[in-house]
Amino acid sequence: MQVTSAAFAVGAADLSGAPSDGLPEIAFSGRSNVGKSSLINRLVQRKKLARTSSTPGKTQQLNYYCINDAFYMVDLPGYGYVRGGQDLRRSLGKLTDRYLKGRDELRAVVQLLDVRHQPSALDLLMIEWLRGWGKPFLLVLTKTDKLSRSKLNRQLESLADGGRLAELPYATFSAVSGEGRRDIWQWLADEADLGEPAASAAGKRGSK
Ligand code: GTP
Ligand code: MG
């Protein structure tokens, strides 16, 4: 997809602060520091659109980025550092929990996992929830630049072998090299029901 515009729209501390224009949304989920904001920046090729940080757990609101005036990318608060336990609702926080379960505009979730590690208990809870959700989700195994090609292949095999991630749609990704960017866009175009962003953006421009 050609990104013609990308801009921060709003940081919502509760659902009443989320946009009310009805545009479709794609959410980016994963533990703190896994690389959600870096992935958004790479997808739209804007280094500093979403704030990244080596200090985990900074973002505690839903950060909305408007793409091509046609849909939103929603950077979710990272989980796993502040709260603990095996309870998804408590671990994600009420805001994320309500957002994921109740937001009609949400079309798809991109769930990030660090390719170097086995998924945490919370990652697995989240993936189980996504399996039963009924809308599309993509696993993105990120930070591939941190592994050699042979280690990467071994790790991909072992993730699939575990059974729990087998047969789920996934893409590998590196925010450093950009590897995987096109595959992720392709998946979003095919699965995320974003309407016709290019046409609608062009239409909007034409009608102005
Ligand atoms: P929170 O907002 O705290 O939940 O974190 P986040 O998931 O948004 O992670 P963020 O994008 O801020 O990245 C965390 C750190 O990992 C930063 O130092 C990034 O530069 C680094 N990082 C993210 N993606 C990659 C990647 O693909 N490769 C490498 N080498 N580093 C990455
Ligand atoms: Mg972030």
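For the reader, a short list of remarks on this structure follows.
- Residue within the stretch 59-82 that is modelled with pLDDT of 95 or more and of a type in the set (Gly, Ala, Ser) present: yes
- Hey, Gln2 assigned to a loop (DSSP other than H, G, I, E, B), within 11 Å of ligand 2 (Cβ to nearest atom) and surrounded by fewer than 17 Cβ atoms within 10 Å (Cβ to Cβ) or not: no
- Search result, residues across the stretch 10-31 that are within 16 Å of ligand 2 (Cβ to nearest atom), open to solvent by 10 Å² or more (accessible area, probe 1.4 Å) and among the aliphatic types (A, V, I, L, M): Val10, Ala13
- Hey, Ala199 modelled with pLDDT under 95 and not charged (D, E, K, R) or not: yes
- Of all residues making up the stretch 32-45, the number that are more than 7 Å from ligand 1 (Cβ to nearest atom), crowded, with 21+ Cβ neighbours inside 10 Å and either among the charged types (D, E, K, R) or part of a loop (DSSP other than H, G, I, E, B) (or both): 1
- Scanning the stretch 46-59 turns up no residue that is surrounded by fewer than 17 Cβ atoms within 10 Å (Cβ to Cβ), of a type in the set (S, T, N, Q) and within 17 Å of Leu194 (Cα to Cα).
- Of all residues in the stretch 87-143 being closer than 17 Å to Ser174 by Cα and among the basic types (Lys, Arg), the one that is least open to solvent (accessible area, probe 1.4 Å): Lys143
- The residue pairs whose first member lies in the stretch 127-138 and is under 15 Å from Glu191 (Cα atoms), whose second member is among the small types (Gly, Ala, Ser), and whose beta carbons are closer than 6 Å, counting only pairs six or more residues apart or on different chains, are Pro136/Ala108.
- Reported count of residues in the stretch 139-157, each being free of Cβ contacts under 8 Å to residues at least 24 places away in the same chain and either touching a Gly at 6+ places or on another chain (Cβ under 9 Å) or closer than 16 Å to Asp123 by Cα (or both), is 0.
- Whichever residue in the stretch 144-163 is surrounded by fewer than 16 Cβ atoms within 10 Å (Cβ to Cβ) and in a loop (DSSP other than H, G, I, E, B) and, among such residues, is nearest to ligand 1 (Cβ to nearest atom): Ser148
The values are calculated or read from the model by the stated rules, or taken from the named source; none is laboratory data. What you are looking at is a predicted structure, and each value in this text was computed from that prediction instead of being measured. Here Cβ is always computed from backbone atoms with ideal geometry, including for glycine, and neighbour counts include all displayed protein chains. All accessible areas refer to the heavy atoms of the entire protein, side chains included, with ligands and DNA or RNA removed. Shrake-Rupley method; radii C 1.70, N 1.55, O 1.52, S 1.80 Å.
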